[in-house]
1. What about VAL238, is it at negative phi, of a type in the set (Val, Ile, Thr) and surrounded by 16 or more Cβ atoms within 10 Å (Cβ to Cβ)?
2. Among the helices (runs of 4 or more DSSP H) confined wholly to region 44-103, which include 2 or more residues that are within 19 Å of the chain's Cα centre (by Cα) and touching a residue at least 60 places away in the same chain (Cβ under 8 Å)?
3. Mind listing just one residue for me: the one in region 144-159 that is touching a residue at least 40 places away in the same chain (Cβ under 8 Å) and more than 10 Å from the ligand (Cβ to nearest atom) and, of those, nearest to VAL8 (Cα to Cα)?
4. Given the structure, is SER194 over 18 Å from the mean Cα position of the chain (by Cα) and not assigned by the TED database to the domain that holds LEU29?
5. Just name the residue that is farthest from the ligand (Cβ to nearest atom) out of those in region 1-57 that are among the charged types (D, E, K, R) and touching a His at 6+ places or on another chain (Cβ under 6 Å).
6. What residue, of VAL75, VAL118, VAL47, VAL4, is within 20 Å of ALA181 (Cα to Cα) and of a type in the set (Val, Ile, Thr)?
7. Within region 286-327, can you find the residues that are open to solvent by 30 Å² or more (accessible area, probe 1.4 Å) and of a type in the set (S, T, N, Q)?
8. Those residues that are part of a helix (DSSP H, G or I) and in contact (Cβ under 8 Å) with a residue 60 or more places away in the chain, I need them from region 104-143; list them, please.
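The values are calculated or read from the model by the stated rules, or taken from the named source; none is laboratory data. The model shown is predicted, which means the values in this text are computed figures rather than measured ones. Every residue, glycine as well, gets a Cβ built from its backbone with ideal geometry; the counts of neighbours run over all protein chains shown. For the accessible areas, the whole protein counts, side chains as well, though only heavy atoms, and no ligand, DNA or RNA atoms are used. Shrake-Rupley method; radii C 1.70, N 1.55, O 1.52, S 1.80 Å.
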Amino acid sequence: MKRVFSGVQPTGDIHIGNYLGAMRQFVALQDDYECFFCAVDLHALTVPQDPKVLKEKTIELAALYLAIGLDPKKVTIFIQSHVPAHAELAWLLQCITYFGELSRMTQFKDKSKGKESVSVGLFTYPDLMAADILLYNTHYVPVGEDQKQHLELTRDIAQRFNNRFGETFVVPEPMILKLGARIMSLTDPTKKMSKSDSDPNNRINLLDEPSVIKKKIMRAVTDSETEIRLDWENKPGVSNLLTIYSLFTGMEIEEVVNKFKGQGYGTLKKELAEVVIDKLTVIQKNYKDLSRDYVLKVLKEGAERAQAVAEKTLKEVKEKMGLILKD
Ligand code: TYM
């Protein structure tokens with residue numbers, strides 16, 4: 001069975017951009033692939049975190065994985081730091097990655113812009129991500145558009161390793177959806193919806209109350225025209241709302257555009273709010289029904305399963321790079 005790996009950072013609030021761009025795919029893939037889904041807490045440390053908050057957010061993310069419909073009998077859900085091989089392989093990969101390659105990463109440029117002190121971890125972040133993926137000999141990586149460049153680098157690193165040390169890693173392919181790969185901010189639809197945006201109205205969180213969801217959608221920035229049509233260049237706000245509607249209902253985007261043609265923005269927003277609230281209420285109910293002990297048990301078992309696979313790959317890598325194995 002082909003393997004799938006993906007990760008989400010347990011920082012901030014998980015929003016519908018994360019869900020529609022990546023996590024929804026995880027659920028769809030679980031029946032046909034051997035899947036590993038990770039809460040990447042080591043990646044979270046690349047920017048300052050409050051330790052107590054990080055712990056809570058990590059468990060919250062794991063619970064959300066379950067609440068959206070991932071079945072721990074079918075997939076492996078675990079915390080990155082519970083499998084030490086991730087950090088270890090990241091170091092080995094850093095030694096075959098070039099400074100210039102990491103310097104070209106747009107996410108690093110965006111996240112470090114204007115900051116006085118930037119951690120080295122933020123710079124080498126893509127190597128840890130490559131380690132996550134390559135440890136599991138992953139074939140497919142479901143992610144949003146913003147991870148494309150990191151995936152390209154992962155492929156380059158895998159190929160370079162294989163060329164230098166002999167066939168070892170599967171060269172992974174990104175799985176990026178045509179629709180939903182880049183859900184835009186509700187307050188500035190020229191920017192992507194983001195956990196780190198200081199304005200909480202830019203995003204709808206999976207755990208937002210219905211009244212909050214409604215308020216955020218009704219206030220979403222559109223444009224000064226009145227016509228509803230899909231036009232990302234001139235009407236990014238409306239196009240974003242139509243896209244979210246299509247993804248939450250499963251209706252084709254053209255069907256959605258026809259449904260709302262000739263109607264006002266108010267109607268589109270009102271109906272969209274209902275659709276989003278309906279879907280998120282189900283996820284929220286599942287989330288509330290989960291006990292902390294159960295989530296921790298899933299994570300413990302997940303780490304054991306992940307560890308077994310990761311250790312095997314790491315051993316092979318060390319052997320090939322000329323490190324002496326202990327046993
Ligand atoms: P993170 O935590 O920023 O985001 C988690 C996933 O959500 C996607 N995403 C979006 N998709 C559509 N529209 C948006 N506005 C939007 N915002 C975020 C992201 O593309 C991602 O798929 N580096 C990764 C985490 C990671 C990882 C990995 C992913 C670490 N190791 C290995 C895949 C494989 C990140 O920061 O995602």
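1. Numbers: at negative phi: yes; of a type in the set (Val, Ile, Thr): yes; surrounded by 16 or more Cβ atoms within 10 Å (Cβ to Cβ): yes.
So VAL238 fits the description; yes.
2. In region 44-103, the matching helices (runs of 4 or more DSSP H) lie at 51-67.
3. So, considering only residues that are touching a residue at least 40 places away in the same chain (Cβ under 8 Å) and more than 10 Å from the ligand (Cβ to nearest atom), the one nearest to VAL8 (Cα to Cα) is GLN149.
4. No; evaluated as a whole, the condition is false for this residue.
5. LYS2
6. From the options VAL75, VAL118, VAL47, VAL4, the qualifying one is VAL4.
7. ASN286, SER291, GLN307 - these are the residues of region 286-327 that are open to solvent by 30 Å² or more (accessible area, probe 1.4 Å) and of a type in the set (S, T, N, Q).
8. LYS111, GLY121, LEU122, TYR125, LEU128, MET129, ASP132, ILE133, LEU134
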